[in-house]
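Novice: After the structure tokens below, expect a handful of questions from me.
No value in this document is a laboratory result; all are computed from the given coordinates. Here the structure is a predicted model, which is why all the values come from computation and not from measurement.
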Amino acid sequence: MNGVKRLTADQYHDWDEFVAHSEQGTVFSTTQWLTLFGGYRIYGYFNGGDLVGGMANFENLTPLTPYQGF
């Protein structure tokens, strides 16, 4: 499967692993951080079934951080 899809809760571990191994990954993109502020959605880009990119978005306004702010 190739393309973008919304991750389900059972894929959040894969997301956290992806963030941990990414040069651009920070604590601000982990599910532990995102959970502190309520609802969020994670979209992943898959290539051949492998998670190779993505983004996390809050559903509501959140505290400003270098990666989730305005």
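Novice: Quick query: amide H of Phe37 versus all other amide H atoms, modeled in the peptide plane; which residues come in under 5 Å with a sequence gap of 5 or more or a different chain?
Specialist: none
Novice: Let me ask something additional. Just from its helices, what would the mean residue ellipticity at 222 nm be for the chain, if runs of 4 or more DSSP H residues each count -39500 (n - 2.57) and the sum is divided by every residue, rounded to the nearest 500 deg cm²/dmol?
Specialist: -5500 deg cm²/dmol
Novice: Another question, then. Using Cα pairs closer than 8 Å and at least 6 residues apart in sequence, work out the relative contact order for the chain, in percent.
Specialist: 34
Novice: Give the label of the value calculated from the structure for Cα Rg over 2.2 N^0.38 Å, choosing from [x] 1.07; [y] 1.86; [z] 1.34.
Specialist: [x]
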